[in-house]
Every structure is written in C-alpha cells, then in structure tokens.
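Worksheet: the structure to be examined is printed underneath.
The values are calculated or read from the model by the stated rules, or taken from the named source; none is laboratory data. Since the structure is predicted, the reported quantities are computational estimates derived from the model, not experimental observations. Note: ideal-geometry Cβ built from the backbone for every residue, glycine included; neighbour counts use all protein chains shown.
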Amino acid sequence: MMETLAKYIPEHAVKPVFDLIVAHQVHLKIVNERTTRHGDYRKGRSGKHEITVNSSLNKYKFLITLLHEIAHLVAFEKFGRAIKPHGQEWKYSFQHLMVPYIRPEIFPNQLLPLLAKHFRNPTASSDTDARLSLALKQFDTQNDKNFVFEIPVHSVFRIANGKIFKKGALRVKRYECLEIGSGRLYLFNPNAEVELLPDHLKK
C-alpha cells in the first residue's frame with residue numbers, strides 16, 4: 001500500500017497517511033476519473049470503511065481528497081451518523097487531520113497560505129474556493145479544460161456528457177448558462193471545468 005500511495009501523494013505524506021489508513025481500517029480504492037466527484041466514503045455492508053479517490057487527481061488534490069474522505073469516517077465514528085455530512089463535526093475533523101500536512105515538505109510554498117486560509121473553515125469541496133482551486137490546477141496534467149469563471153460571457157462550451165452551453169451572467173455565486181440544445185437555463189459553479197469551443201464549432 002505504501003508503494004501505491006507513493007505514486008499518488010507527496011513523498012513526505014506517504015507514511016503518516018498509510019498509518020491513518022491502517023489505524024482506521026480503510027479499504028482504499030483508486031478509480032478512473034468520475035466527473036461528478038473527486039472521492040467518496042461509505043461504510044460497506046460488512047462494516048468496512050471504503051474510500052474511493054480518482055486516479056486522475058494531481059498529488060496535492062489527491063492528498064486533500066483522501067483526507068477529506070477520512071474526515072467523514074472520523075466524524076461519523078466520533079459524533080454519530082446523525083450529523084450533517086459537511087457540518088461542523090466534519091469541518092473540525094478535517095481541520096484536525098489536515099493541519100499537520102500544511103508544511104513546505106509536503107505542499108509547494110505558493111499553496112501554503114491558501115491552504116491555511118481555506119482550512120480555517122473548510123468547505124464541502126476545495127473546488128468552491130476559487131483561489132485555491134486555480135492554484136491547485138497548475139499542477140494538473142495539461143488538458144484542454146477551463147474553469148467557467150475564466151471564460152468570457154457569451155462563450156460557448158462543452159461539458160463531459162457532450163452537452164453544449166453558452167455562458168451567461170453571474171447570479172450570486174454561480175453562472176447562469178443556456179443549454180443550446182434545449183434552451184433551458186442551468187447554474188454552473190465558477191470552478192466547473194469545461195471545454196471552451198473555438199468559433200467554428202459554435203453552431
């Protein structure tokens with residue numbers, strides 16, 4: 001397991017994360033990319049703690065995601081199953097797990113202040129923190145994706161399921177976008193990753 005972890009997370013995080021996995025008897029599955037989530041946690045019928053994480057994440061996102069899911073396990077075990085999935089109990093558990101990793105041996109210096117700020121009050125997904133999300137993106141394998149907030153208003157883009165949209169105005173915290181095929185309006189998180197279409201394909 002340590003050899004496997006070493007492929008996906010920073011070197012100095014491998015041993016402490018391995019110890020966490022053993023201590024909490026986690027069955028970790030590294031899976032192909034899912035567009036709807038980076039990872040998830042569930043307690044299987046056998047009582048085993050099962051965590052899945054997308055293999056496509058860069059090593060810093062992978063570490064954050066894995067600790068996010070372990071925090072669910074810890075919060076449920078400590079406070080009971082009646083708590084909200086991303087309520088105060090989970091926030092406390094995630095902070096407690098994450099803080100020892102926010103150091104230069106594990107994360108690049110440019111990420112440290114953003115992580116420190118984010119983990120004062122962690123959200124359900126680091127993707128909703130625009131500055132942190134953009135900073136983490138620079139460590140991704142190069143791809144043709146953009147964040148919705150990066151592209152101009154009226155730009156046309158495609159999402160993973162093939163549907164095509166035109167970007168509209170910002171409504172409070174999300175962008176109102178028109179699905180070209182149906183004429184229906186949808187709200188997009190600013191940090192949703194999309195494929196910007198070149199002019200000759202905007203038909």
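Just one of the listed residues (K29, K48) is loosely packed, with under 13 Cβ neighbours inside 10 Å and at pLDDT 90 or above, and it is K29. Of the residues I9, I102, I21, the single one that is in the same structural domain as R120 (by TED's automatic domain parsing), modelled with pLDDT of 95 or more and crowded, with 21+ Cβ neighbours inside 10 Å is I9.
Would you be able to tell me the number of residues in region 160-191 that are of a type in the set (A, V, I, L, M) and in contact (Cβ under 8 Å) with a residue 60 or more places away in the chain? Here the count works out to 1. Would you check if there is a residue in region 62-82 being over 27 Å from P108 (Cα atoms) and among the polar types (S, T, N, Q)? No, that holds for no residue. Within the bounds of region 121-137, is there any residue that is part of a helix (DSSP H, G or I), polar (S, T, N, Q) and over 19 Å from V17 (Cβ atoms)? So far as region 121-137 goes, yes, one or more of its residues are part of a helix (DSSP H, G or I), polar (S, T, N, Q) and over 19 Å from V17 (Cβ atoms).
Of the residues K145, K137, K167, only one is within 18 Å of the chain's Cα centre (by Cα), under 27 Å from S56 (Cα atoms) and surrounded by 18 or more Cβ atoms within 10 Å (Cβ to Cβ); which? Spell out how you get there, then give the answer.
Details: K145 fails: surrounded by 18 or more Cβ atoms within 10 Å (Cβ to Cβ); K167 fails: within 18 Å of the chain's Cα centre (by Cα).
Sole residue among the options that is within 18 Å of the chain's Cα centre (by Cα), under 27 Å from S56 (Cα atoms) and surrounded by 18 or more Cβ atoms within 10 Å (Cβ to Cβ): K137.
Within region 131-153, the set of residues being touching a residue at least 60 places away in the same chain (Cβ under 8 Å) and over 24 Å from H72 (Cβ atoms) comprises F139, D140, T141. If we scan region 64-72, do we find a residue that is modelled with pLDDT under 95, touching a strand residue (DSSP E or B) at 6+ places or on another chain (Cβ under 8 Å), within 21 Å of E3 (Cα to Cα) and not polar (S, T, N, Q)? Checked region 64-72: no residue is modelled with pLDDT under 95, touching a strand residue (DSSP E or B) at 6+ places or on another chain (Cβ under 8 Å), within 21 Å of E3 (Cα to Cα) and not polar (S, T, N, Q). Here L97 passes the criteria (1) of a type in the set (A, V, I, L, M); (2) in the same structural domain as L28 (by TED's automatic domain parsing); (3) touching a residue at least 24 places away in the same chain (Cβ under 8 Å); (4) under 30 Å from K166 (Cβ atoms) except the one numbered (4).
Name the residue that is surrounded by the most Cβ atoms within 10 Å (Cβ to Cβ), counting only residues in region 51-98 that are in a loop (DSSP other than H, G, I, E, B) and under 18 Å from the mean Cα position of the chain (by Cα).
First, the residues of region 51-98 that are in a loop (DSSP other than H, G, I, E, B): 55-58, 80-87.
If we keep only those that are under 18 Å from the mean Cα position of the chain (by Cα) as well, we get 55-58, 85-87.
Numbers: S55: 13, S56: 16, L57: 22, N58: 15, P85: 11, H86: 17, G87: 12.
If we take residues in region 51-98 being in a loop (DSSP other than H, G, I, E, B) and under 18 Å from the mean Cα position of the chain (by Cα), then L57 is surrounded by the most Cβ atoms within 10 Å (Cβ to Cβ).
Here E105, E176, E195 are screened, and the one residue that is among the charged types (D, E, K, R) and either assigned to a loop (DSSP other than H, G, I, E, B) or touching a Pro at 6+ places or on another chain (Cβ under 7 Å) (or both) is E105. Out of everything in region 32-50 that is assigned to a strand (DSSP E or B) and among the basic types (K, R), what residue ends up being nearest to the chain's Cα centre (by Cα)? Top of the filtered list is R42.
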